[in-house]
Structures are given as structure tokens and as C-alpha cells.
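Peer 1: Dropping the structure in here first, questions after.
The values are calculated or read from the model by the stated rules, or taken from the named source; none is laboratory data. Fair warning: this is a prediction, and the values are worked out from it, not measured in the lab. Neighbour counts are summed over all protein chains in view; Cβ atoms, including those assigned to glycine, are modelled from backbone coordinates with ideal geometry. SASA here: full protein model, heavy atoms, side chains in, ligands and nucleic acids out. Shrake-Rupley method; radii C 1.70, N 1.55, O 1.52, S 1.80 Å.
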Amino acid sequence: MRSVSSMIKIYVILIIYFLFAVIPLWSCLTTSITSTKEVGLISPWVLPPNPTLEPFSFVLKELARPIYNGLIQELITVTLACLTGSFLAYYTLIRWKKLIYLFIVGVFTPPIAASVPTVLTWVKLGLYNTNLALGLTRYAYVVPITVLLFRSFYAESLLRLIEAARIDGADDLRIYAQVILPLSKIPLVVASSFLFTITWNCYVWALVLGPGPEARNAIYRLSLFLSIHTPEWNYLMAGVIISSLPVVLLYVTLGKYILAGYTAGMGKAV
Amino acid sequence: MSNKRFHHKPSFFTVLVVIQLAFVFYFVFACIGFNILISFTDWSGLKPLTEINLIGLENYVKLIFFKREFHISFLNNMLIYAIVVPASIGIGLLLSSLLHIAGRSEPFFRTCYLLPFSLAYVVVGILWLYVYYPNIGILNTTLKFLHLPERHWLSEPQTARFALLVPMIWQYSGFAALVLLGGLRSIPLEIMESAKIDGASGFTMFRYIVLPHLRYPIYFLYVIISTWALMTFDLIWIMTGGGPGVETSVLSILGYKYAFGYNYFGLGAAVFTLLTLLNWGLALPVYFYLQRRGV
């Protein structure tokens with residue numbers, strides 16, 4: 001058993017870092033329930049004496065449409081990326097193993113470096129500033145990491161199963177639909193929760209592709225609260241809480257899977 | 001055999017593969033290719049596409065030898081890389097070894113440490129902008145309470161440059177701690193027990209048992225955090241926009257400003273190309289090493 005004094009040392013450090021991690025969040029919480037008159041007069045350390053939910057009701061109205069846009073884009077990105085990710089991972093397993101190197105390079109390619117040609121493409125197609133363009137663009141850029149993610153779950157042992165199915169007369173597509181997909185429940189949960197969070201938090205594509213009200217997402221709309229000269233901090237903080245809630249809830253419930261998304265995507269793939 | 005394949009009608013399976021690959025290939029690789037092409041031209045917003053000239057490496061020469069904002073942005077990227085990556089991994093190491101022996105309260109701390117990581121960069125930027133805000137921010141009100149001098153943290157180049165590193169470390173250390181905690185959990189207990197019986201001190205066990213076991217998670221963290229450090233955009237864009245002046249600018253912000261702010265598409269594309277090459281150069285070798293070793 002560890003001595004009491006060493007346990008105290010451990011807890012002191014853990015609590016110091018805990019404070020560092022939550023103090024900015026705490027000041028966000030206290031400010032979000034402060035009325036506009038009192039912001040700046042009351043220290044962000046303490047709860048306001050007259051708490052109000054007015055900032056939330058104001059911000060919720062502003063964020064309703066962006067949240068709806070975000071969900072439409074999520075639907076496009078997450079569904080397509082999960083299907084393509086598992087499909088192409090299966091393809092690299094049975095056919096073209098070297099293809100995985102292309103996806104690895106893709107993972108380390110900064111999306112912003114392709115922003116100008118991407119914008120031009122969607123403008124040419126007449127889809128600039130639409131939910132479809134944003135959903136499809138994000139889909140294209142998350143496919144490489146999603147393929148690596150699924151590939152790390154598809155062990156070589158799967159090949160024996162595939163071989164058996166082939167002998168039974170199933171073709172490649174049928175094996176994908178009836179053998180691979182049913183065996184992919186865990187990677188599908190990992191991929192969809194992981195992709196949901198990175199898509200929801202994405203700002204760059206919203207900035208260059210969907211700045212208008214028809215396609216802007218919650219995070220982008222939130223950043224616009226800053227563009228006025230003196231930010232109204234209570235509205236901003238209420239906006240922070242509302243727009244982060246889906247992702248934070250997902251992390252609290254499925255955090256293990258989302259982390260697995262980060263580590264599996266970077267794990268063994270070749 | 002190959003003959004037979006050529007005369008066959010392509011199967012639906014092949015068609016599906018080709019469609020998906022083509023879509024991804026277009027956006028991820030062809031667009032990067034177009035970007036590289038643009039970087040060899042003098043395209044700026046006012047010119048019609050027919051009057052664009054190929055100017056070879058002129059944009060790159062201009063950036064590397066004459067543009068002060070490019071030098072500052074590059075050095076800021078390197079500063080972030082040199083401080084944020086080791087600091088996050090170091091704090092992560094400390095926290096994970098403490099969490100490992102913390103006992104029943106571990107899930108509580110683990111959840112709280114991961115909270116900052118779950119937030120969008122924009123949200124982190126807003127939170128920390130508020131922390132640093134003059135007069136009403138939590139940092140300055142605390143300093144005032146302690147009768148210490150307040151500062152405009154994000155308006156002075158010297159403090160702004162380092163003030164921006166704190167939110168990044170704030171976000172990444174918790175993530176690093178949890179990844180490393182996974183590695184610590186996989187160390188067989190018998191090894192630790194027998195080392196203890198042999199009289200190994202805490203430090204010796206850390207240096208000769210724990211660290212070697214955590215080698216691959218640490219390489220992995222190096223790869224992923226250095227990628228984030230080089231690609232960083234949203235956080236700085238929200239907090240300072242690269243200012244004051246260009247003092248806190250980084251390559252992604254500089255490229256974005258050239259391309260979308262001033263319509264110097266050629267110059268912006270050159271910055272983006274250099275950023276891509278830098279990212280490949282710093283992350284890919286370690287990643288392939290990790291793959292060869294088979295994590």
C-alpha cells in the first residue's frame with residue numbers, strides 16, 4: 001500500500017491540473033447566466049447574484065438554423081464516410097494493399113492547402129454555400145483517416161473468412177454486405193462517433209465554403225458573435241455551451257470510442 | 001488472365017470502388033495538385049484566367065527571401081511545434097502515471113481532463129480570449145485581486161506569442177494523458193512487481209520499464225500533435241487573427257490571408273504548398289516507422 005503522504009502528493013497534482021482544466025469552463029458557465037447589465041461588473045469567479053437564462057433563449061434563436069444545417073451536413077458526411085471507409089478498407093485488404101499508402105499521405109495533407117481549388121470547384125458546380133457541398137467536402141477529406149480506422153480493425157484473419165465465403169460462391173460485393181459489414185459493429189460505432197465530433201467542430205470549411213445563413217454551422221455562427229466591436233460575453237458563453245453540448249455529451253458517454261477513433265486511425269494499417 | 005479481365009464488363013463492385021476513389025482523389029489530391037500549379041503562377045484576384053502567367057518559383061523566392069510575414073509565420077509554427085508537442089506529451093506522461101495509481105477517483109479526473117479536448121478550436125479560442133480579456137477576464141481580475149500588474153496579454157507581441165500556446169497545451173495534455181494511460185494499463189503487473197522486489201526505485205522503474213513500454217504511444221502522440229501544431233488555424237484566427245500586426249501569424253493563417261483576404265492566389269498557394277511539404281516531412285517518416293514496427 002502506498003503511504004498517505006505520497007497519496008496526498010498525487011492528489012495535489014491531480015487537483016491542480018483539474019483546476020487548470022476547468023477554470024476556463026467555470027468562468028464560461030458563470031458568465032453565461034449573467035445579465036447583460038452585470039457582465040464585467042461581477043468577477044467571473046463567482047456565480048452572479050441574479051442569474052438569468054435570457055442569454056440562452058437569445059442565442060438559441062440565433063443558433064437554431066445553424067444547428068439544423070450542421071445536422072444535415074453530419075448526416076451526409078458520417079453516413080457516406082462510414083460506408084466508403086469500410087468499403088475501401090475492405091478493398092485494400094483483398095486487392096490493392098499498396099493503396100493504403102495513398103490514404104496515409106492523405107491523412108497528413110492539410111485540408112486548408114486545397115481550399116482555393118475546392119471553392120472554385122463548388123462555385124463552378126453552382127453548389128457554393130450549400131449543405132450538400134459542405135457535407136461532401138468534409139466527407140472527401142475524412143475518408144483517408146476513416147479508411148485507416150477501419151483497416152486497423154480488419155485483421156488479416158478476416159481473409160480466411162472471405163476465402164470461405166468465396167468458395168461458397170459469394171462475389172466481392174456480397175461478401176462486403178453480408179460478411180464485412182455485420183462484423184464491423186465496433187468500428188462503425190468508433191468511426192461514427194469520432195467523425196461526428198470532428199465534423200461538428202469543423203470551422204475551416206464552414207469559413208471558406210459555407211459562410212451564408214443557408215449553410216453555416218453552429219461553430220461558424222458562434223465565431224460571428226466575435227466580429228462585433230465589443231463582444232457580449234454572456235451571449236458568447238451561452239452560445240459556447242449550446243454549440244458544444246452535443247459533442248461534450250458524446251464525449252462523456254462514448255469518450256472511449258472516440259479516443260479509439262484517434263488511436264485506431266493512427267494505428268497499424270499497412 | 002489479364003486478357004480475360006479486360007474483355008469482361010466491369011463488375012458493379014469495381015464501379016463502386018472507382019467512383020469513391022475518384023471522388024476522394026479529386027478533392028484530396030487533385031486539389032492539392034491544382035494548388036501546387038497555382039503556386040507557380042502570378043494569379044491574383046483581379047486578373048481574368050486567360051492572363052495568368054507561369055512565373056516558375058518566383059512566389060517561393062519572394063516568400064523565402066523577402067517576406068517578413070512569412071519568416072514570422074514560419075518561426076511561430078516552429079515555436080508551437082517545439083513547445084506544444086513536448087509540453088503536452090510531458091504533462092500527459094505525468095498525469096497518466098498519477099491517474100494510473102489514483103484509484104477510485106480516476107474516472108472523474110479522466111472525464112474532466114478530456115473535456116477541453118472535446119471542444120472545437122473556435123470554442124477554445126473564445127474561452128481563452130475571455131480568460132485573457134483586459135479588465136473583465138479571469139486572469140486579469142485575479143491579478144488585480146492579488147495586486148499584481150495587469151497586462152493586455154494578446155495585444156503585446158511577446159506575451160501574445162506565448163499566451164496562444166497555453167490553450168493548445170490545455171487541449172492536448174488531457175488527450176495525451178488518456179492515450180498514455182491506455183499504454184500504462186497494458187504493462188504486465190508481474191514485471192512491475194518483480195522490479196519492486198529487486199529493489200528498483202520509482203525513477204528506475206519509470207526510466208527502464210514504463211518509458212520503453214510507452215515508446216509507441218509517445219511516437220504516435222508526436223505524430224498527431226505535431227500535425228495539429230503545424231495545421232493550427234482556427235484557434236489563432238479566433239484569438240488574435242494573427243495580430244498584433246503579423247506577430248502571431250502562422251503559415252495556414254498567412255496563406256488564408258493572401259488567398260482569401262488579398263486575392264494573391266499565387267502567393268497563398270505557395271504558402272500552402274510549403275505547409276503541406278513541412279507537414280509531410282515532419283510526420284510521415286515517424287508514422288511509417290511506427291507502421292513498420294507494427295504497433
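Peer 1: Determine one quarter of the surface area of the Cα convex hull of the protein assembly as shown, which equals its mean projected area, and express it in nm² to one decimal.
Peer 2: 31.2
Peer 1: Something else now. What is the average number of partner chain Cβ atoms found within 10 Å of a Cβ in B:90-102?
Peer 2: Counting other chains' Cβ atoms within 10 Å and averaging over B:90-102 gives 2.
Peer 1: Still on this structure, I have one more. Of the candidates A:LEU136, A:LEU14, A:LEU224, which one comes out as most mobile in a Gaussian network treatment of chain A with C-alpha springs shorter than 10 Å?
Peer 2: Result for chain A, Cα springs under 10 Å: A:LEU14 fluctuates most.
Peer 1: With r defined as the distance between the Cβ atoms of A:ALA155 and A:SER43 and R0 fixed at 56 Å, what FRET efficiency is calculated, to the nearest 0.05?
Peer 2: Rounded to the nearest 0.05, the efficiency is 0.50.
Peer 1: Taking the radius of gyration and the Kirkwood hydrodynamic radius from Cα positions alone, what is the Rg/Rh ratio for the range B:158-284, to two decimal places?
Peer 2: Rg/Rh for the range B:158-284 comes to 1.18.
Peer 1: Once the principal axes of the Cα atoms of the range B:128-192 are found, what is the range along each, listed largest first in whole angstroms?
Peer 2: If we take the Cα atoms of the range B:128-192, the spans are 55, 24, 17 Å.
Peer 1: Output needed for the range A:203-270: three equivalent-ellipsoid semi-axes, defined as square roots of 5 times the C-alpha gyration tensor eigenvalues, in descending order, whole Å. Each step should come with its number before you reach the end.
Peer 2: On the way: eigenvalues 181, 59, 19 Å².
Calculated on Cα positions only, the semi-axes equal 30, 17, 10 Å.
Peer 1: Step by step: find N for chain B, compute 2.2 N^0.38 Å, then divide the Cα radius of gyration by it. What's the final number? Please report the intermediate quantities before stating the final value.
Peer 2: Details: Rg = 24.4 Å, N = 295, 2.2 N^0.38 = 19.1 Å.
Here the answer is 1.28, to two decimals.
Peer 1: In addition: Quote the relative contact order of chain A in percent (integer), defining contacts as alpha-carbon pairs under 8 Å separated by 6+ residues.
Peer 2: 31
Peer 1: Only helical DSSP H runs with n ≥ 4 go in: add -39500 (n - 2.57) per run for the protein assembly as shown, normalise by residue count and round the 222 nm mean residue ellipticity to 500 deg cm²/dmol.
Peer 2: Mean residue ellipticity at 222 nm (helix-derived): -22000 deg cm²/dmol.
Peer 1: Anyone know which of A:VAL105, A:VAL22, A:VAL189 comes out most mobile in the 10 Å Cα GNM of chain A?
Peer 2: Among A:VAL105, A:VAL22, A:VAL189, the largest GNM mean-square fluctuation belongs to A:VAL22.
Peer 1: Compute for the range A:9-107: radius of gyration divided by Kirkwood radius, i.e. Rg/Rh, restricted to C-alpha atoms, rounded to two decimals.
Peer 2: Taking Rg over the Kirkwood Rh, I get 1.26.
Peer 1: Which of the chymotrypsin sites (Phe, Trp or Tyr not before Pro) across the range A:20-60 are loop residues per DSSP, with 15 or fewer other Cβ within 10 Å?
Peer 2: A:TRP45
Peer 1: A follow-up question, please. When you look at the Cβ of every residue in A:17-29, what mean number of other chain Cβ atoms sits within 10 Å?
Peer 2: Mean inter-chain Cβ contacts per residue within 10 Å come to 6.
Peer 1: I would also like to ask the following. Going from most exposed to least, what order do B:ARG161, B:ARG215 have by accessible area with a 1.4 Å probe? Don't jump to the answer; show the numbers that get you there.
Peer 2: On the way: B:ARG161 50, B:ARG215 95 Å².
Sorted descending by solvent-accessible area, the residues read B:ARG215, B:ARG161.
Peer 1: Now a separate question. Equivalent ellipsoid semi-axes for the range A:112-190, as square roots of 5 times the alpha carbon gyration tensor eigenvalues: give them largest first, rounded to whole Å.
Peer 2: Three semi-axes, in Å: 36, 14, 11.
Peer 1: Output the relative contact order of the range B:1-106, whole-number percent, from Cα pairs under 8 angstrom with separation of 6+ residues.
Peer 2: Averaging sequence separation for qualifying contacts and normalising by length gives 12 percent for the range B:1-106.
Peer 1: Something else now. Counting alpha carbon pairs within less than 8 Å and at least 6 residues apart, what relative contact order, in whole percent, applies to the range A:11-113? Don't jump to the answer; show the numbers that get you there.
Peer 2: On the way: 36 pairs, mean separation 16.3, N = 103.
Rounded, it is 16 percent for the range A:11-113.
Peer 1: Please find, in a Gaussian network model of chain A (springs between Cα atoms separated by less than 10 Å), the residue of A:GLY106, A:GLY70, A:GLY210 whose mean-square fluctuation is greatest.
Peer 2: Looking only at A:GLY106, A:GLY70, A:GLY210, the biggest GNM fluctuation is shown by A:GLY106.
Peer 1: For B:THR41, list long-range residues whose amide hydrogen, built 1.01 Å from N in the peptide plane, is under 5 Å from its own amide hydrogen.
Peer 2: Sorted by chain and number, the residues that satisfy this are B:ILE55.
Peer 1: ³J(HN,Hα) across the range B:265-278 via Karplus (A = 6.51, B = -1.76, C = 1.60, θ = phi - 60°), whole Hz, x for Gly/Pro?
Peer 2: 5, x, 5, x, 5, 5, 4, 4, 5, 4, 4, 4, 4, 4
Peer 1: Still on this structure: Interface B/A, total buried accessible area with a 1.4 Å probe, nearest 100 Å²?
Peer 2: Protein heavy atoms only, the B-A interface buries about 7900 Å².
Peer 1: Using θ = phi - 60° and the Karplus curve 6.51 cos²θ - 1.76 cosθ + 1.60, what whole-Hz ³J(HN,Hα) does each residue of the range A:106-116 get, with Gly and Pro shown as x?
Peer 2: The phi angles translate into x, 4, 9, 9, x, x, 4, 5, 9, 5, 5 Hz.
Peer 1: Which value in Å is the Kirkwood Rh of the range B:12-51 over different Cα pairs?
Peer 2: 12.2
Peer 1: Please list B:193-200, B:229-236 highest first by mean number of surrounding beta-carbon atoms within 10 Å per residue.
Peer 2: Per-residue Cβ counts within 10 Å, averaged per peptide and sorted highest first, yield B:229-236, B:193-200.
Peer 1: How large are Rg and Dmax for the range B:80-200 when calculated on the C-alpha trace, in angstrom?
Peer 2: Cα only, the range B:80-200: 18.5, 57 Å (Rg, Dmax).
Peer 1: Still on this structure, I have one more. For peptide A:198-208, how many partner chain Cβ atoms fall within 10 Å of a residue's Cβ, on average?
Peer 2: Mean shielding count: 4.
Peer 1: So what are the three principal axis dimensions of the range B:227-266 from its Cα atoms, in whole Å, longest to shortest?
Peer 2: Largest first, the range B:227-266 extends 24, 24, 14 Å along its Cα principal axes.
Peer 1: Would you kindly work out the equivalent ellipsoid of chain A from its C-alpha gyration tensor and give its semi-axes, the square roots of five times the eigenvalues, largest first in whole Å?
Peer 2: Equivalent ellipsoid of chain A: 41, 28, 15 Å, largest first.
Peer 1: Shifting gears a bit: Give me the distance between the Cα centres of the range A:139-164 and the range A:21-87, rounded to whole Å.
Peer 2: Cα centroid to Cα centroid, the span is 36 Å.
Peer 1: Quick one: plug the Kirkwood hydrodynamic radius of the range A:56-99 (C-alpha pairs) into Stokes-Einstein at 10 °C, 1.306 mPa s, and report D in µm²/s.
Peer 2: Values: Rh = 12.9 Å.
Value of D from the Cα-based Kirkwood radius: 123 µm²/s.
Peer 1: Across 10 Å bins from 0, what is the distribution of all Cα-Cα pair distances for the range A:136-270, in whole percents?
Peer 2: The percentages, shortest bin first, are 11, 29, 28, 18, 9, 4, 1.
Peer 1: Given N residues in the range B:1-155, what is its alpha carbon radius of gyration divided by 2.2 N^0.38 Å?
Peer 2: 1.78
Peer 1: At most 13 other Cβ atoms within 10 Å plus a DSSP loop assignment makes a site exposed; report the longest stretch of chain A without any exposed GluC sites (Glu not before Pro). Walk me through the numbers on the way to the answer.
Peer 2: On the way: sites that count: A:GLU156, A:GLU214.
The longest uninterrupted stretch comes out as A:1-155.
Peer 1: Heavy-atom accessible surface, probe 1.4 Å, ligands and DNA/RNA ignored: which residues of the range A:34-52 lose at least 50 Å² versus the isolated chain?
Peer 2: SASA drop of 50 Å² or more in the range A:34-52: A:PRO44, A:TRP45.
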